[in-house]
Amino acid sequence: MATDLCGKVALITGGSRGIGRATAVRLAGMGAQVVIGYSRDDAAAEAALDEVKAAGGAAHLIRFDVADPKACKNAVSLIVEQHKGLHILINNAGMTLDALVMRVSDADWQRCLAVNLSSVLYLCRAASRPMIRQRSGAIVNVASVVAQSGNAGQAAYSAAKGGVISLTRSLARELGKKSVRVNAVSPGLIETDMTSLVSKEKRADALSLVPLGRAGGPREVANAIAFLASDESSYITGHVLDVNGGIHM
């Protein structure tokens, strides 16, 4: 893979931990100026910043709520102002919601959609403007295998991530003529803080369905994201890249 993202500015939401942190380290290692977006945990964000710097990369922090459209617009404007552009957007921030349909509250449903789906629209809308002006840009949205297969007890989360895939494809059609590419990755069972909350029984059941027989690591997803964000994938747009060990084909 090409290792030259020098001169590129990349915003990664949910960048303080898990897949987001691994992606920040990966893109910074390829030469990008990385902006780590996060919402709450200052300590985790600082740790992510230190990890990027330890790997020889350059990064900055920006704290905002991805579910707030005004905050998303302001964050992108600030990045463009401070770094003279925005070339890569990784929509990774997300939250889980485990509940049967009959027990999902209206408030939980709205929050799940806001964080996992609406945020992607808000940030793509804001980032597309400077990317169109530059006549170049790469957007990578993080979906989920449950968007493709469904999962009992995760209707809200599955619906939101399914929306991410549909939004990705629609945006790819809208922005392609402006030389802005839009793709998605669809992770399966990945070792993160989010999946660590899964019970041993459910984890064992999930692993039994994975042809590769193991969970994936954040770096494996970050490698896929880095490929889609780089010029190595210059003729790929509207694609969903599965990183799931074969659990869904």
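Values quoted throughout were computed directly from the atomic coordinates according to the rules given, and no laboratory measurement underlies them. Remember, predicted model here, so these are calculated numbers, not experimental data. Please note: Cβ atoms are built from the backbone with ideal geometry, for glycine as well, and neighbour counts cover all protein chains shown.
Summary of values
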read-out	value
Of all DSSP beta bridges in the chain, antiparallel share, percent nearest 5	0 percent
Gaussian network model of the chain, springs between alpha carbon atoms under 10 Å - residue of MET95, MET30, MET131 with greatest fluctuation	MET95
Across LYS8/LYS177; LYS161/LYS200; LYS8/LYS200, pairs whose alpha-carbon gap is larger than 30 Å	LYS8/LYS200
Amide hydrogen neighbours beyond the local backbone of VAL35, cut-off 5 Å, H modeled	ALA10, LEU11, ILE12, HIS60
Contact order relative to length of the chain, as percent, for alpha carbon pairs under 8 angstrom and 6 or more apart	20 percent
The stretch 118-196 versus the stretch 1-60: alpha-carbon centroid distance in Å	19 Å
Max mean-square fluctuation residue, GNM over the chain, Cα-Cα springs under 10 Å, options LYS200, LYS177, LYS73	LYS200
Neighbour net charge for ALA48 - beta-carbon separation under 9 angstrom, K R +1, D E -1	-1
Order of CYS72, CYS6 - criterion: other Cβ atoms within 10 Å of each residue's Cβ, fewest first	CYS6, CYS72
Gaussian network model of the chain, springs between alpha carbon atoms under 10 Å - residue of ASP50, ASP231, ASP41 with greatest fluctuation	ASP41
Whole-Hz couplings from phi, Karplus 6.51/-1.76/1.60, listed for the stretch 93-106; x for Gly and Pro	4, x, 9, 9, 8, 9, 6, 5, 3, 5, 10, 6, 6, 4
